[in-house]
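The values are calculated or read from the model by the stated rules, or taken from the named source; none is laboratory data. Owing to the predicted nature of the structure, the values given are computational and were not obtained by experimental measurement. Here the Cβ positions follow ideal geometry from the backbone for every residue, glycine too, while neighbour counts run over all protein chains shown. These accessible areas exclude ligands, DNA and RNA; they are computed on the full protein's heavy atoms, side chains included. Shrake-Rupley method; radii C 1.70, N 1.55, O 1.52, S 1.80 Å.
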Amino acid sequence: MRYTPRLVSVATAVPEHVLLQSDVAKAASTIFSKRYSAFDRVSPVFTTAGIHKRHAVRPLEWFFESHGWPERTAAYLEGALKLFVQAATKALDGAGLQARDVDTIVTVSSTGIATPSLEARACGIMGFRGDVHRVPVFGLGCAGGVTGLSIAAKLAKAQPGSVVLFVAVELCTLAFRLDELTKANIVATALFGDGAGACILRAGEGGIAEIDASGEHIWPDTLDIMGWNVDPEGFGVIFARSIPPFAEAHMGSAVMGILDRAGLHRQDIDRFICHPGGKKVVTALERALALDQGSLDHERSVLSEYGNMSAPTALFVLEQVIGAGLPNRSVLAALGPGFTASCVALRRVT
Ligand SMILES: CC(C)(COP(=O)(O)OP(=O)(O)OC[C@H]1O[C@@H](n2cnc3c(N)ncnc32)[C@H](O)[C@@H]1OP(=O)(O)O)[C@@H](O)C(=O)NCCC(=O)NCCSC(=O)CC(=O)O
């Protein structure tokens, strides 16, 4: 019998430290205002970003001191593993499964380096089987929640009945740089947070939704739009100020191309569930996808409560949309380094 892969559960987790945007704005002013002459010009972004708070694996005080690779990596390994276990445990609970039931684990993370990778480190803590198939993926950035789900769905489809655990963990705050006196660094300081999302997938009966199509679109010559600079201090964020206009100009045709290749039509889609990269990105996506302004409400709510957590953010929005009642047909969509658009089509299981 042929089965379409199904989304069985979705769960999320955030670290313990809550960074209120008002406190981050004060801290950024203390750190940057005397050293960076353009700070006052950029500082309004802390109020205009549409973000109330974010979560972080380290308290606010940690960000007042510079940290090199060893300290950032230690914070990543400790914080990412903890979040992996929390999100994966919740997703398994939601599916009524245990760690020993998992056949394949897809782990998406681009904000730190871990070898052995996170799911290997979680093995002893969670009790995965010794024959579990591990698929760690690095480099997808903000598109990782959607592309990772697509990879997990394809692996579930390849072995019907097997249980696939997908976990996306990103600790974006660890890339905060005291030494980068640039507008991009200040905007990033106002925008990014830490979090994890996890899903269980299986090709079989039950579940929340079928994943019946997925696709990507990469634009040539756009490597400089998003990514990491790597230097002796650690990762430094590359994100161009052109992202909102780029999304507005190009996301519509990219998504329509992906839908077309999947045999879907725009009018079939009841809800686009989008990665909220930033306030202007959400507005740009509404324009690009010909949606009513304000209709991406769960996206704005997630952005306000958690900031942009990169890959897991789309899974936070998905969890909220499912909580509010998943429409019959939806498409999860995100942009990420490449520059790439990624989509996953969901059909609610009735
Ligand atoms: C943060 C904002 C809400 C602030 O909006 P405002 O209207 O208040 O301010 P603004 O846009 O004029 O920006 C204030 C000043 O910062 C500068 N500025 C803004 N973004 C910048 C960037 N990425 N790099 C360098 N400078 C930047 C502007 O040019 C301006 O300076 P001056 O006036 O001197 O010119 C908005 O800029 C926003 O939502 N931007 C999108 C953030 C983003 O790209 N997110 C995607 C992350 S990647 C991702 O998650 C994938 C994806 O979704 O694509």
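Here are some notes:
- Taken together, the criteria exclude Arg6 from residues that are at pLDDT 95 or above, within 16 Å of the ligand (Cβ to nearest atom) and basic (Lys, Arg).
- Test: Thr115 is modelled with pLDDT of 95 or more and surrounded by fewer than 17 Cβ atoms within 10 Å (Cβ to Cβ): yes
- Lone qualifier among Ala311, Ala262, Ala324, Ala290 - being buried (at least 19 other Cβ atoms within 10 Å of the Cβ) and either over 20 Å from the mean Cα position of the chain (by Cα) or modelled with pLDDT of 95 or more (or both): Ala311
- All of Val102, Val85 fail the test of being crowded, with 18+ Cβ neighbours inside 10 Å, within 21 Å of the chain's Cα centre (by Cα) and more than 15 Å from the ligand (Cβ to nearest atom), apart from Val85.
- The set of residues in the range 327-336 being within 14 Å of the ligand (Cβ to nearest atom) and either open to solvent by less than 10 Å² (accessible area, probe 1.4 Å) or not hydrophobic (A, V, I, L, M, F, W, C) (or both) consists of Leu332, Ala333, Ala334, Gly336.
- Taking the criterion of being modelled with pLDDT under 95, more than 16 Å from the ligand (Cβ to nearest atom) and open to solvent by 30 Å² or more (accessible area, probe 1.4 Å), the residues of the range 222-259 that qualify are Val230, Asp231, Pro232, Glu233.
- Residue count for the range 10-19 satisfying the condition of being open to solvent by 20 Å² or more (accessible area, probe 1.4 Å), aliphatic (A, V, I, L, M) and touching a helix residue (DSSP H, G or I) at 6+ places or on another chain (Cβ under 9 Å): 2.
- Sole exception among (1) buried (at least 16 other Cβ atoms within 10 Å of the Cβ); (2) in a strand (DSSP E or B) for Ile186, by number: (2)
- Number of positions in the range 189-203 that are farther than 12 Å from Leu7 by Cβ, open to solvent by less than 10 Å² (accessible area, probe 1.4 Å) and either away from the ligand (no atom under 15 Å from the Cβ) or not in a strand (DSSP E or B) (or both): 3
- Scanning the range 135-160 for residues that are under 20 Å from the mean Cα position of the chain (by Cα) and among the basic types (Lys, Arg) yields a single hit, Lys154.
- Some residue of the range 169-176 being closer than 24 Å to Val331 by Cβ and within 12 Å of the ligand (Cβ to nearest atom): yes
- Near pairs, Cβ below 8 angstrom, 6+ apart or cross-chain, from the range 32-43 (more than 13 Å from the ligand (Cβ to nearest atom)) to any residue that is in a helix (DSSP H, G or I) and open to solvent by 30 Å² or more (accessible area, probe 1.4 Å): Ser33/Asp40
- Restricting the range 33-73 to residues that are aromatic (Phe, Trp, Tyr) and more than 19 Å from Gly193 (Cβ to Cβ) leaves a set whose member that is surrounded by the most Cβ atoms within 10 Å (Cβ to Cβ) is Tyr36.
- In the range 53-66, residue nearest to the ligand (Cβ to nearest atom) [restricted to those that are closer than 20 Å to Met309 by Cβ and not in a helix (DSSP H, G or I)]: Arg54
- Pairs are defined by a Cβ separation below 7 Å, a sequence spacing of at least 6 or placement on different chains, a first member in the range 220-249 that is in the same structural domain as Ala290 (by TED's automatic domain parsing), and a second member that is of a type in the set (Lys, Arg) and in a helix (DSSP H, G or I); the pairs so defined are Gly234/Arg72; Pro244/Lys280; Glu248/Arg287.
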